[in-house]
Amino acid sequence: MALLIDGYGPVGRLLCARLVASGTAVAVVGPSAYRAALLCRELEGAGAAALPYELDSRDAAALRRLLAEVTAELGRIDCLVDLLPGEAPDYPLANAIRNTLIGAGRPARIVLVTPQEHALETARWVRAASTHQVQVNALAAAAGASTERIAGAALLLLAVDAQGIGGQLIEVDSAAGPC
């Protein structure tokens, strides 16, 4: 099961659609329950379940309630994609979820998507936050990087074949390559 913070933005919409189509249940989380619900309605019948959740990221008690509700409805959280990581250098929401995942005692992955101007402090955080059990990586999206490139890089880090990749910052640029 994947938990996507700001899952209803452009990158999140594409990620949700691809994850649901591949059979992964998705919790679409953000400050607007309405926008999350609209996306989930669009994804009905496309594969696995997608359920909307509202979260005020400044409320620690709300986060605990959200995590309990999500796991009760969709099962264990295997990965977090945070498309709205907040303030560097400590990423409070991702860090709180990371600590919950570590406490659960099973493998999990976290992918932060951040603007390139936060790349240095994000790289430091993911290196410090990544463990053998919870692999943390980040994508630094250049101005002009396409939704497809960012979503594709996130899906790469979430793939089964990417197990063992942790503590990395990958820059996603806007240049078209030959391959």
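The values are calculated or read from the model by the stated rules, or taken from the named source; none is laboratory data. This structure is a prediction, so every number in the text was calculated from the model and none was measured. Note: ideal-geometry Cβ built from the backbone for every residue, glycine included; neighbour counts use all protein chains shown.
Within region 93-131, the residues that satisfy the criterion of being β-branched (Val, Ile, Thr) and either surrounded by 16 or more Cβ atoms within 10 Å (Cβ to Cβ) or within 15 Å of the chain's Cα centre (by Cα) (or both) are Ile97, Thr100, Ile110, Val111, Val113, Thr114, Thr122, Val126.
Right, Ala145: part of a loop (DSSP other than H, G, I, E, B) and either surrounded by 19 or more Cβ atoms within 10 Å (Cβ to Cβ) or of a type in the set (Phe, Trp, Tyr) (or both) or not?
The answer is yes for Ala145.
Checking the stated criteria, Ala153 turns out to be under 20 Å from Gly7 (Cβ atoms), out of contact with any Lys or Arg (no Cβ under 6 Å at 6 or more places or on another chain) and either of a type in the set (A, V, I, L, M) or in contact (Cβ under 8 Å) with a residue 24 or more places away in the chain (or both). Could we say that Ala68 is out of contact with any Gly (no Cβ under 6 Å at 6 or more places or on another chain), exposed (fewer than 15 other Cβ atoms within 10 Å of the Cβ) and at pLDDT 85 or above here? It is true that Ala68 is out of contact with any Gly (no Cβ under 6 Å at 6 or more places or on another chain), exposed (fewer than 15 other Cβ atoms within 10 Å of the Cβ) and at pLDDT 85 or above. Selection over region 115-145 of residues that are over 19 Å from Ala175 (Cα atoms), touching a Ser or Thr at 6+ places or on another chain (Cβ under 6 Å) and not aliphatic (A, V, I, L, M) gives a count of 1.
Scanning region 40-48 for any residue that is under 16 Å from Arg76 (Cα atoms) and touching a strand residue (DSSP E or B) at 6+ places or on another chain (Cβ under 8 Å) turns up at least one such residue.
Which residues, counting only those in region 21-45, are within 14 Å of the chain's Cα centre (by Cα) and not polar (S, T, N, Q)? Within region 21-45, Ala25, Val26, Ala27, Val28, Val29, Gly30 meet the criteria.
Hey, could you check region 10-50 for residues that are assigned to a strand (DSSP E or B) and touching a helix residue (DSSP H, G or I) at 6+ places or on another chain (Cβ under 6 Å) and say which is surrounded by the fewest Cβ atoms within 10 Å (Cβ to Cβ)? This residue is Gly30.
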